[in-house]
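Take a look at this one; I'll ask things after.
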Amino acid sequence: QVQLLESGGGLVQPGGSLKLSCKASGVIRNIAIWAWHRQVPGKQREFVATIRRGDVINYSDSVKGRFTISRASAENTMYLQMDNLKPEDTAVYYCNMFLETPSQSGYTNAWGQGTQVTVSS
């Protein structure tokens, strides 16, 4: 069974930086989509950034120019470098992979447990 384990969250002052990591464990055949989302209590989970086949990268307008998504495919690990953080970036951040395993037919959506990012002075 595949599990996604996130790390790197914490408390940072406005203008600061954090780097989130997400490692997938288990036997994985292919990862088609790598993504980060975030959620504030009482609100819907929202898209932050994604890498798709062909290394196509997209960001939400709210983080474009400040956040950078990347991956180390051989290690089934992805990252989210967050710079110039703002209080409105405070949320629980979730990693998400659309992946294929030898034991399942087709692709499945896997989610991490979430890591808290708090931007406050």
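The values are calculated or read from the model by the stated rules, or taken from the named source; none is laboratory data. Since we're looking at a predicted model, the values are computed, not measured. Counting neighbours? That spans all protein chains shown, and the Cβs are built from the backbone with ideal geometry, glycine included. Heavy atoms of the whole protein, side chains included, go into the accessibility calculation; ligands, DNA and RNA do not. Shrake-Rupley method; radii C 1.70, N 1.55, O 1.52, S 1.80 Å.
Apply the Karplus curve 6.51 cos²θ - 1.76 cosθ + 1.60, θ = phi - 60°, to the phi angles in the range 51-61 and return the couplings in whole Hz, x for Gly and Pro.
My calculation for the range 51-61 gives 10, 10, 3, x, 6, 7, 10, 9, 10, 5, 4 Hz in order.
Follow-up question, since we're still on this one. How high is the relative contact order of the range 39-121, given as a whole-number percent (alpha carbon pairs under 8 Å, six or more residues apart)?
Numbers: 102 pairs, mean separation 18.4, N = 83.
It comes to 22 percent, rounded to a whole number.
Per residue, how much accessible surface does the chain expose to a 1.4 Å probe? Answer in Å², no decimals.
Ligands and nucleic acids excluded, the figure is 54 Å² per residue.
Just to be sure I follow the rule: in the range 1-113, considering lysines 8 or more places apart or on different chains, how many pairs have Cα atoms under 22 Å apart?
Taking the range 1-113 as the scope, the lysine pair count is 5.
Which shape class, rounded, prolate or oblate, goes with the range 23-62 when its Cα gyration tensor gives a ≥ b ≥ c as root eigenvalues, a/c under 1.5 marks rounded, and past that a/b bigger than b/c marks prolate? Before the final figure, lay out each step's value.
Working: a/c = 3.93, a/b = 1.48, b/c = 2.66.
Taking the square roots of the gyration eigenvalues as a ≥ b ≥ c, the range 23-62 is oblate.
For THR108 and SER60, what does the FRET efficiency come to when R0 = 25 Å and r is the distance between their Cβ atoms, rounded to the nearest 0.05?
The calculated FRET efficiency here is 0.55.
Less than 20 Å from a label point 7 Å out along the Cα-to-Cβ axis of PHE98: which backbone N atoms in the range 36-68 qualify, by residue?
36-39, 45-61
Then there's this: Take the solvent-accessible surface of the protein heavy atoms, probe 1.4 Å, and return the percent of it on the chain that carbon and sulfur atoms account for.
That fraction is 47 percent.
Kindly sort TRP111, TRP36 by accessible area of their heavy atoms, largest first, with the probe set to 1.4 Å. Walk me through the numbers on the way to the answer.
Values: TRP111 100, TRP36 0 Å².
The most accessible residue leads, giving TRP111, TRP36.
What number, in percent, do you get for the relative contact order of the range 3-77 if the mean sequence gap of Cα pairs under 8 Å and at least 6 apart is divided by its residue count?
The value is 23 percent.
Using a Förster radius of 22 Å, what is the FRET efficiency between THR68 and SER120 based on their Cβ-Cβ separation? Nearest 0.05, please. Could the numbers behind the result be given before it?
Values: r = 22 Å, r/R0 = 1.02.
Approximately 0.45, to the nearest 0.05.
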